[in-house]
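Structure first, commentary second.
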Amino acid sequence: MRPPRAFRACPKATPPALRAAIAEHAPALLPDFDRHWRRDIADGYGLAPVPAFLARWWGEFALARDPELDARVKDLEDRATEATDSATARALLEEAAHLRREASRAEPGQ
């Protein structure tokens, strides 16, 4: 099975490679990436949060590389905030979360 367009030519799963890819392909995400890095990694005292950091930003990068998927996720999240009942809101957020998880499952270097 061929990976979705968003996952082709993904960077290696290292902070510098991911940052470079975000700077090149999704520069609007870079200020948040850098702020998150400083807050959770650089200003901290250990590397324990790095895997979680990479997982989160890998998913953000994957969404940014696929504008159709990114728009779909944002639409689901927007519709959830406007939902008038909790069951509908929950279902929309679960679908958005599922799409985010699927996007973040691409292997580095694909």
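No lab work stands behind these numbers, since they all come straight from the coordinates. Owing to the predicted nature of the structure, the values given are computational and were not obtained by experimental measurement. Positions of Cβ are generated from backbone atoms using ideal geometry, with glycine treated the same way; all protein chains shown enter the neighbour counts.
Net charge near Ala42: determine it from the other residues with C-beta under 11 Å of the C-beta of Ala42, scoring Lys and Arg +1 and Asp and Glu -1. Walk me through the numbers on the way to the answer.
Numbers: positive: Arg35, Arg38, Arg39; negative: Asp34, Asp40, Asp43.
Here the charged neighbours net out to 0.
Hey, what's the per residue convex hull volume over the C-alpha atoms of the chain, in cubic angstrom?
Residue-normalised Cα hull volume stands at 118 Å³.
How far apart, in nm, are two points set 7 Å out from the Cα along the Cα-to-Cβ line at Glu82 and at Arg35?
Once both label points are built, they end up 2.6 nm from each other.
Quick one: 3J(HN,Hα) in Hz for region 48-60, Karplus 6.51/-1.76/1.60 with θ = phi - 60°, rounded, Gly and Pro as x.
The phi angles translate into 3, x, 4, x, 5, 4, 5, 4, 5, 6, 4, x, 4 Hz.
I need the calculated FRET efficiency for the pair Leu93 and Tyr45, taking r as the beta carbon distance and R₀ as 25 Å, to the nearest 0.05. List each step's numbers first, then the result.
Values: r = 34 Å, r/R0 = 1.35.
The computed FRET efficiency comes out at 0.15.
Which Cα, out of Ala17, Leu30, Ala80, lies furthest along the positive dipole direction of the chain (beta carbon charges, K/R +1, D/E -1)?
My answer, from the dipole projection, is Ala17.
What is the angle, in °, between the Cα long axis of helix 67-82 and the longest principal axis of the Cα atoms in the chain? Nearest 10 is fine, range 0 to 90.
In the chain, helix 67-82 runs at an angle near 50 degrees to the longest axis.
Show that you can apply the helix-only estimate: for the chain, add -39,500 (n - 2.57) for every DSSP H stretch of four or more residues, divide by all residues, and state [θ] at 222 nm to the nearest 500. Don't skip to the answer; put the middle values down first.
Details: 5 runs with 68 residues, N = 110.
Taking each H run of at least 4 residues, the total per residue is -20000 deg cm²/dmol.
Quick one: dipole size for region 12-103, taken about the Cα centre, charges +1 on Lys/Arg Cβ and -1 on Asp/Glu Cβ, in debye to the nearest 20. Kindly include the intermediate steps, with their values, before the conclusion.
Working: 13 positive and 17 negative charges, 86 e Å.
That gives region 12-103 a dipole magnitude of about 420 debye.
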